[in-house]
Structure formats: structure tokens, C-alpha cells
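The values are calculated or read from the model by the stated rules, or taken from the named source; none is laboratory data. Please read these numbers as outputs of a predicted model, since none were measured by experiment. Cβ placement follows ideal geometry from the backbone for every residue including glycine, while neighbour counts extend to all protein chains displayed. Surface areas here come from the heavy atoms of the whole protein model, side chains and all, with no ligands, DNA or RNA. Shrake-Rupley method; radii C 1.70, N 1.55, O 1.52, S 1.80 Å.
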Amino acid sequence: MRPVYLDNNATTRVDPKVVSAMLPFFTEQFGNASSMHAFGSEVGSALKKARGQLQALLGTEFDHEIVYTGSGTESDNTALLSALETQPGRDEIVTSTVEHPAILALCQWLQKNRGIKVFYTPVDSRGRLDIDAYRKALGPKTAIASIMWANNETGTIFPVEQLADLAHDHGALFHTDAVQAVGKVPIDLKTSEIDMLSLSGHKLHAPKGIGALYVRRGVRLRPLLRGGHQERGRRASTENAPGIIGLGVAAELALEHMHDEQTRVASLRDRLEKGLLQRIGNAFVTGDAESRLPNTSNIAFEFIEGEGILLLLNKEGIACSSGSACTSGSLEPSHVLRAMKVPYTAAHGAIRFSFSRDNTDEDVDQVLAVMPGVVERLRSLSPFWKSGEKTSFEPTYA
Ligand SMILES: *Cc1c(COP(=O)(O)O)cnc(C)c1O
């Protein structure tokens, strides 16, 4: 059985070119970049090159705007905590209901334990942010507005430049969790209003355990970790040299493949989506079809359980996801689909297919061949399913 991996928003395969660039930094070039001998300086110059590669992907203008971290989660946490600590008197955060837990769980903790006021901007049924509500939530006490660039579950893209402008009208900082956007859509921070941006290596074919936080020149950063002078004192810890070097090569490859992502990957995704909707009734796409990542499709199959779908697909060698990996295991539908008010009967059966440049036409064919049978089997067992029943929700995309 040919494995089909369509869960690239959860994590990606490390590109073999990334692996081979990293390998010497585990063996011959194992030095500590801070050391005064040749072992260290060799690593130091490789790190410098890697930083340039990531800067090119992000289109940053100045040196020292990138702080390496251990993950996307760490970058998100650093951004929000720093904004509160560097701006005494500003004790409010504006975010959205559909953020990743790396933002939401921190905000809930800050509300409970630090008395921080958090406004969770709602979204509409397509997952689009309520810009009016966002605007009204901003005020003189807002320390930071943090809105993701693209949603990990539906792929919906948010108008981050406009949102950054609005935050600046109130003197607030603007951070974006761009973990799902980096490598999939063009980013040019030198022409941007964004103050801070989080990314994670393992979502763009680099390894797990390496992330970065972009901090625009002039924005103060309070470190999360104190210790050595690495990252100019902004993130103490001996540099993860293999990770940083891997992320550099991954960034270079992402730039090279950007066009492919926008065209070939998007057309694979579109063919799967259209094919599934043609073959299977009572199913609809969630998310904003007009402003969406090229690689993501979230389809709700009414009257069945996502977990059941995943299990049967897994038996056929197909890997995808229901809701976010972080919330699966609970029977509650994903917080993103609940925020979009997708009816429970549909949200429970929502499946996310997320592609990458590794995917092929054969992958799409395999899912199209298997999925109708899977849905039919589960519906035949479902007490909620009455054949021929009309969909209870207006499809957003057909
Ligand atoms: C995966 C993900 C994260 C977390 O990144 P890690 O490196 O796994 O900690 C944060 N935000 C979004 C949108 C993600 O998809």
C-alpha cells in the first residue's frame, strides 16, 4: 500500500537537501559558535549564511531582526509576553477566536493569572475576521494585537497588513503567527507594518525544534530566556546550529518552490476538493475560498465522525487530520469550526487535507478512489444519517 501523506499543516517531511546540509554540524563541525577556536568560527559563519537565507524568504531589510527560538510556540509566547512587559500601563491584548493554542492558551493563562484583559475577535461562517469588532476592541491600553496570517485548520488568510495599520492607530504593537503562511505565500517584511512575526521550521520542511521570531528594528524585545549572550541577549541558549542551518536551506528551497506551491500544489488541492464534492453529497468546504492558503482544504462531511473517517483512511494508507492535532483526542469539534458556527452535525465530520510540494497526482487519485466508500460506510452506521437529507448549511464553495 502506497502511503499518502496529506497532513502537512501538522508537520512536513524534512527535505533531503535540508538533512544533508545539517549533517556535518552534528559530526565534523560540532563546535559551539561562541568558542574562540576554529571549531566555533566555522559554525559561526554557517549560522550567518543561514540567517541571510531566512531573511531572504521574509524580505527583511535589516540585520538582527530575526531571533531564533525552539519552536513556533516559543516565538508566539515570547512576542505576547514581551509586548506586555515592555509597555507598562498597557494591559490588554486583542486576538481572535481561531488562533492556535500557542496564542489562545497563553491568553487564557494571562487573563487568569495576570489580570490581562483579552478580546477574542470573532469570525464569520467562512472564517473571516470581523474587522469592525477588531477595530472597536483596540484602544489606548492595547499592548499588542496578535492575529494569525493564515489559519492552520481551514487555510483562511487574514488581512494582516490592514490589521497592523489599525493596531498602530492606537499605538499598539502588531504580531502575526505566520507559522502556516511562511513558505506558502510571498512575504515581504521590508514593505510591511508588522512588528513581530512567528514561524516554525517543521511546517516548511525543516526539522522540529527550531523556530524564529522576527522583531522589527526599533521594537523592544524582553527575552523569555536569560543566560548567555546568544542572539544578542534576546534568547539565551547555545545556538541550535544544525536546526538554524536546516531552516536556512529550507527557506531557500521554499523561495524556489513558491511558484510551484501557488500553482501545482494549489491545483492538486483543487482537484481533490472538486472531486470529493462531486462524488459525495452532504459535504461542503469550510473556510474562505477566496482568501486561502494554496495547500489546505477543510471539508465537512455531514452526519459522521471525523475520527471514524481518519481511522478508515489510515487503514488505506492515507494520513490527514480532523480539527487540529492539538485538540484531537477530545470529542469536541475544533474550536475553529465552532467559532465559525459550523453546525455540530457537520463540524464533527470535518477533515483537513493539507498538501505540500511532496504530493503528487497519484495521491489525489488514491483519496478520490477511497473516500466515497469510507463516507458511505460510516453513514450507513450513523443514526443521524438519512439518505437524501438536504444539507443544513449553505456550502461556501462548490
Ligand atoms: C504548528 C503551529 C504552531 C506551533 O508551532 P510549533 O513549532 O509546533 O510549536 C503555532 N501556530 C500555528 C498556526 C501552527 O500551525
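Using a cut-off of under 12 Å, list every residue of region 211-242 whose amide N is near the label point 7 Å from the Cα of Ala105 along the Cα-to-beta-carbon line. None, by backbone N distance to the label point. In the chain, the longest principal axis of the Cα atoms and the axis of helix 38-58 are about 50 degrees apart. Placing pseudo-labels 7 Å out from each Cα toward the beta carbon at Leu23 and Ala369 gives an inter-label distance of 3.4 nm. Neighbours of Thr191, meaning other residues whose beta-carbon lies under 10 angstrom from its beta-carbon, give a summed charge of -3 when Lys and Arg score +1 and Asp and Glu score -1. Roll a 1.4 angstrom probe over the protein heavy atoms and tell me the percent of accessible area of region 194-284 that is carbon or sulfur. C and S atoms contribute 48 percent here. Using Cβ point charges alone (K and R +1, D and E -1), the dipole size of region 16-256 about the Cα centre works out to roughly 480 debye.
A simple rule links phi to the HN-Hα coupling: the Karplus curve 6.51 cos²θ - 1.76 cosθ + 1.60 with θ = phi - 60°, which for region 354-365 gives 10, 8, 8, 5, 6, 7, 10, 4, 4, 4, 5, 4 Hz, with x for Gly and Pro. Taking Ala251, Ala21, Ala83 as the candidate residues, the one with maximal mean-square fluctuation in a Gaussian network model of the chain, Cα springs under 10 Å, is Ala21. Specify which residue in the list Ala212, Asn77, Leu199 is farthest towards the positive end of the charge dipole of region 16-256, using unit charges on the beta carbon of Lys, Arg (+1) and Asp, Glu (-1), about the Cα centre. Positive-end residue among those listed: Asn77. Subtracting the Cα-Cα distance of Glu85 and Phe39 from their residue separation scaled by 0.36 nm leaves 12.8 nm.
DSSP assigns beta bridges within the chain; of those with both partners inside it, close to 55 percent run antiparallel. Once the Cα-Cα distance is subtracted from the 0.36 nm per residue extended length, the Glu362 to Met1 segment shows a gain of 128.7 nm. At a probe radius of 1.4 angstrom, the accessible area of the chain per residue rounds to 42 square angstrom. Of the residues Thr296, Thr191, Thr176, the one that moves most in a GNM of the chain with alpha-carbon contacts below 10 Å is Thr191. A straight chain from Glu61 to Asp165 at 0.36 nm per residue would run longer than the Cα-Cα distance by 35.5 nm. Tell me which aspartates and glutamates have Cα within less than 16 Å of Lys49's Cα, excluding those fewer than 8 residues away on the same chain? Counting by Cα, and skipping residues close in sequence, Lys49 has these aspartates and glutamates nearby: Glu61, Asp63, Glu65, Glu231, Glu239, Glu252. GNM remark for the chain: springs join alpha carbons under 10 Å apart, and the peak mean-square fluctuation among His37, His100, His202 falls on His37.
Given a Förster distance of 35 Å, report the FRET efficiency between Gln262 and Phe30 from their Cβ-Cβ distance, rounded to the nearest 0.05. Efficiency computed from Cβ-Cβ geometry: 0.35. Please give, to one decimal in nm, the separation of the simple spin-label points placed at Glu332 and Leu311, each 7 Å out from Cα toward the Cβ. With each label placed 7 Å out from Cα toward Cβ, I get 2.3 nm. The residue list Gly287, Thr345, Thr86 was ranked by how far each Cα lies along the charge dipole of the chain toward its positive end, using unit charges on Cβ atoms, and Thr86 comes out on top. With the convex hull drawn around the C-alpha atoms of the chain, the volume per residue stands at 136 Å³.
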